[in-house]
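Novice: Take a look at the following structure, please.
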Amino acid sequence: MHTQRMAVSVSVLALLTLAACGTESGSGSGSGDGSDTVQSDVPVTGVAWSVDSLTVGGKKTEAPAGSRLEIDPKGRAKAGFGCNHISADARVEGDRITFGKPVSTQMACDETTEKAEKAALAAMGGEVTAKLSGEKLTLTTEGGDTIALSEEKPADLVGTRWAVNTLLSGETATSVPADLPKERVPHLTFGEDGTVHGNSGCNSFHGKAAVKGSTIDFGPPAGTRKMCPEAEMEVERAVLAALDGPATYTIKGSTLTVTSKDGKGIGATAAPAKSEGAQEHG
């Protein structure tokens, strides 16, 4: 199941390369009128794409919240359908797609996500073409099945409640366990006064967070000192390691990445700030 899902995701991502390189392929016309090539009104690489829906056999399925596709300018593809994190190298020759062996986390997914990923598997079978129109990207199979995507606008760093879903250590990315109690899912919010507060996986915390350009200088955090099961404590240690001293950050769509000088980091997704205060100080 996971092997099929990973192949599907990487096929989707390879298409982003096709869209980005569309005006360069063919007979070498380069900057011609592009009447028979994919045109880009917005950059395709380095853009966070949100998966809106999948249509397979005429049946439309809404994608799970948080479904995203992205490919960086170096040709490294990353995908997620609301559960596992997938990455792979991708290469395009004309309208033919070749992708390398994907690397994926191996988390069990909920039933809704599994259903949507099965739809993605069916939609992305075989050869696929890409059409870019403004901020919308459509991927279409030979049989007419489609995946619809939209460019995500960057969320605001300050004032957004960021739910942590990925723990980073150098080149290694680990998903936050999906079975953590709801009140133990780590999250953080940056304030306009140069502070940060949230929950690190077990305890609530608050501290200084001076933002300047693409860097954040975190001060020593203060907070509660409760003990939790070891799985939650491991998450907490990893989160706090990323929020220690100077760090760099990037925001692509609704995804925030924070990386400290020693390579420790977190990946987080913008989430509604519902009942935040009750969770943090309880």
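Novice: Can you name the number of the only condition in (1) modelled with pLDDT under 70; (2) under 19 Å from the mean Cα position of the chain (by Cα) that A63 fails?
Specialist: The single condition A63 does not satisfy is (1).
Novice: Still on this structure, I have one more. Could you count how many residues in segment 212-235 are in a strand (DSSP E or B) and closer than 24 Å to E183 by Cα?
Specialist: Residues meeting the conditions: 3.
Novice: Quick one: in segment 244-265, which of the residues that are more than 30 Å from V51 (Cα to Cα) and not small (G, A, S) is surrounded by the fewest Cβ atoms within 10 Å (Cβ to Cβ)?
Specialist: K261
Novice: Going through segment 148-172 one residue at a time, which ones are of a type outside the set (S, T, Y), open to solvent by 50 Å² or more (accessible area, probe 1.4 Å) and part of a strand (DSSP E or B)?
Specialist: V158, N165
Novice: If you don't mind, there's one more thing I want to ask. Can you tell me which residues in segment 132-178 are in contact (Cβ under 8 Å) with a residue 40 or more places away in the chain and more than 23 Å from V258 (Cβ to Cβ)?
Specialist: Answer for segment 132-178, where residues must be in contact (Cβ under 8 Å) with a residue 40 or more places away in the chain and more than 23 Å from V258 (Cβ to Cβ): L132, S133, G134, E135, L137, L139, D145, T146, I147, A148, L149, S150.
Novice: May I pose another question? Exactly one condition in (1) β-branched (V, I, T); (2) surrounded by 15 or more Cβ atoms within 10 Å (Cβ to Cβ); (3) part of a strand (DSSP E or B); (4) at pLDDT below 95 is not met by T189; state its number.
Specialist: (4)
Novice: Could you go through segment 125-139 and let me know if any residue there is part of a strand (DSSP E or B), buried (at least 21 other Cβ atoms within 10 Å of the Cβ) and touching a Phe, Trp or Tyr at 6+ places or on another chain (Cβ under 9 Å).
Specialist: Yes, segment 125-139 contains at least one residue that is part of a strand (DSSP E or B), buried (at least 21 other Cβ atoms within 10 Å of the Cβ) and touching a Phe, Trp or Tyr at 6+ places or on another chain (Cβ under 9 Å).
Novice: Another question about this same structure. Does L180 meet the test of being open to solvent by less than 30 Å² (accessible area, probe 1.4 Å), in a loop (DSSP other than H, G, I, E, B) and out of contact with any helix residue (DSSP H, G or I) (no Cβ under 6 Å at 6 or more places or on another chain)?
Specialist: Answer is yes for this residue.
Novice: Here's another thing I want to ask about it. Name the residues in segment 207-226 that are open to solvent by 40 Å² or more (accessible area, probe 1.4 Å) and closer than 25 Å to K252 by Cα, would you?
Specialist: Passing the criteria: K208, A210, V211, K212, G213, S214, T215, D217.
The values are calculated or read from the model by the stated rules, or taken from the named source; none is laboratory data. The structure presented is a predicted model; accordingly, all values stated were derived computationally and were not measured. Because the Cβ atoms are built from the backbone with ideal geometry, glycine has one as well, and the counts that use them run over all protein chains shown. With ligands, DNA and RNA removed, areas are computed over all heavy atoms of the protein, side chains included. Shrake-Rupley method; radii C 1.70, N 1.55, O 1.52, S 1.80 Å.
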